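Worksheet for the structure shown next.
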Amino acid sequence: AFSIPMLGERVEPYRWAALAVGFAAVLLVIRPGFEGFHPASLLVCVSAACYAIYQIITRKLAAYDHPYTTLLWTGAFGTVVAAFGLPFVWTDPVPWHWALMVGMGLMGGFSHYCLIQAYVRAPPAVLAPFSYTQIVVGSIVGYLWFGDFPDEMTILGTAIIVACGLYLIWREAGGRHDRGHASG
């Protein structure tokens, strides 16, 4: 939704539909409610808004910045912001924690590079439903590491999320294919 005012991009109705259905499927998986509500839960909304703005800025920078430059500034900004909380939570890492941190840094850097490349190639409205796959991966990790087997609603929601992503891939590929035939 931020791509309309911030980038001036037009979001086709089928993209809005896939986004809405994908979001509804996420709600099937997480089933939010007010029992046990804590005001800190609103931080999730702040986090989602920040991530959406990050995606828009990444898309905007992709038009004229090299991906490595965007990656460097994103990492530097994140480091500065995270450093403010460091004095309150710091504990001396044991050697295997250092290995984990290096691994997380490398995987995170590679992931951000891939995200930047995605925004070079596709508009945010097309990529947004793929962010919902984090729920799918989270469910799989929950099962493999914690033995938390997904219930029927989680499986249904996951299937709908995957279907939305596949639908957008199909629509986008079909649109490029149709335009190619129209001009030839």
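Observations on the structure shown:
- Per-residue Cβ neighbour rank within 10 angstrom, fewest leading, Asp65, Asp92: Asp92, Asp65
- Order of Ile161, Ile57 - criterion: other Cβ atoms within 10 Å of each residue's Cβ, fewest first: Ile57, Ile161
- Computed from phi, the 3J(HN,Hα) profile of region 65-73 under the Karplus parametrisation 6.51, -1.76, 1.60 (θ = phi - 60°) reads 9, 5, x, 5, 5, 4, 4, 4, 5 Hz, with x in place of Gly and Pro.
- Relative packing of 166-172, 19-25, which averages over residues the other C-beta atoms within 10 Å, highest first: 19-25, 166-172
- Overall form of region 60-177 per C-alpha gyration tensor (a/c, 1.5; a/b vs b/c): oblate
- Distant-in-sequence amide H partners of Val11 (H built 1.01 Å from N, under 5 Å): none
- Alpha-carbon centroid distance for the pair region 75-133 / region 146-161, whole angstrom: 26
- Less than 5 angstrom separates the built amide H of Asp148 from those of Tyr143, all sequence-distant by 5 or more or on a different chain.
- Net length gained if the chain between Tyr14 and Trp73 were fully extended (0.36 nm per residue, minus Cα distance): 17.9 nm
- In sequence order, region 108-117 has phi-based couplings of x, x, 5, 4, 5, 4, 4, 5, 4, 4 Hz under the Karplus curve 6.51 cos²θ - 1.76 cosθ + 1.60, θ = phi - 60°, and Gly or Pro positions carry x.
Rule-based calculations on the coordinates, nothing more; no lab input. Note that the coordinates shown come from a computational prediction; the quantities given were computed from them, not determined experimentally. Every residue, glycine among them, receives a Cβ derived from its backbone with ideal geometry; neighbour counts consider all protein chains shown.
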